[in-house]
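> What follows is a single structure, and I will ask about it in a moment.
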């Protein structure tokens with residue numbers, strides 16, 4: 001009896017915290033899951049900044065992304081017989097993609113080109129866009145069924161919904177397409193909505 005009490009007091013018979021089932025099948029998979037969610041989210045944002053030519057933010061995100069990934073994969077390799085860590089790793093990857101897309105959508109980084117094609121008189125639409133601060137460039141073209149009007153609007157991604165709202169008010173059936181723009185010339189704001197600032201690559205900026 002004294003031997004048992006002595007062993008219990010000095011944790012000789014008790015497993016360590018790291019060897020406990022609570023850690024192996026609970027806390028460890030949880031840490032791997034959240035690590036994977038974080039690094040995949042960072043990977044999504046890194047690709048967004050990379051495609052836009054950002055030479056500062058993309059490398060920083062890449063550093064933390066690979067650092068977190070190394071921590072997660074190291075714990076996986078140290079617990080190859082723990083199938084729960086595999087599930088946590090895969091689930092973290094799936095959730096990380098979803099979270100990354102949600103974060104990227106909330107940030108709404110970048111510039112968009114909205115191309116509008118209508119067969120009706122676009123004078124009212126163009127005036128409404130310009131009154132709201134959007135630069136609208138209009139040209140006439142020939143479509144399948146005759147004359148059409150093409151309107152180009154370049155604006156921040158965060159306010160694209162405002163242009164769509166104006167289009168729906170004008171004609172819900174108006175055809176439009178939206179494209180990403182990698183860079184714009186920030187020295188020319190004629191085609192940028194309002195007084196908002198557009199970030200572009202330095203090589204696109206013209207010397208004054």
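The values are calculated or read from the model by the stated rules, or taken from the named source; none is laboratory data. The structure presented is a predicted model; accordingly, all values stated were derived computationally and were not measured. Here Cβ is always computed from backbone atoms with ideal geometry, including for glycine, and neighbour counts include all displayed protein chains.
> What pairs can you find where one residue is in segment 40-58 and on the phi > 0 side of the Ramachandran plot and without any contact (Cβ under 8 Å) to a residue 12 or more places away in the chain, the other is surrounded by fewer than 19 Cβ atoms within 10 Å (Cβ to Cβ) and not in a helix (DSSP H, G or I), and their Cβ atoms are less than 7 Å apart, with a gap of 6+ or different chains?
none
> Turning to a different aspect of this structure: If a residue counts only when it is more than 20 Å from the chain's Cα centre (by Cα), surrounded by 12 or more Cβ atoms within 10 Å (Cβ to Cβ) and at pLDDT 90 or above, which strands (runs of 3 or more DSSP E) contained entirely in segment 80-188 have at least 3 such residues? Spell out the reasoning first.
On the way: elements: 111-118, 136-143, 146-156, 175-181.
Of the strands (runs of 3 or more DSSP E) lying wholly inside segment 80-188, those with at least 3 residues that are more than 20 Å from the chain's Cα centre (by Cα), surrounded by 12 or more Cβ atoms within 10 Å (Cβ to Cβ) and at pLDDT 90 or above span 111-118, 146-156.
> Here is a further query. If we keep just the residues of segment 36-72 that are modelled with pLDDT under 90 and under 11 Å from residue 92 (Cβ atoms), which is farthest from the chain's Cα centre (by Cα)?
72
> When residues of segment 53-65 are filtered for being surrounded by 15 or more Cβ atoms within 10 Å (Cβ to Cβ) and part of a helix (DSSP H, G or I), how many remain? Before the answer, list the steps.
First, the residues of segment 53-65 that are surrounded by 15 or more Cβ atoms within 10 Å (Cβ to Cβ): 53-54, 57-58, 61-62, 65.
Right, trim to part of a helix (DSSP H, G or I) and you get 57-58, 61-62, 65.
The qualifying residues number 5.
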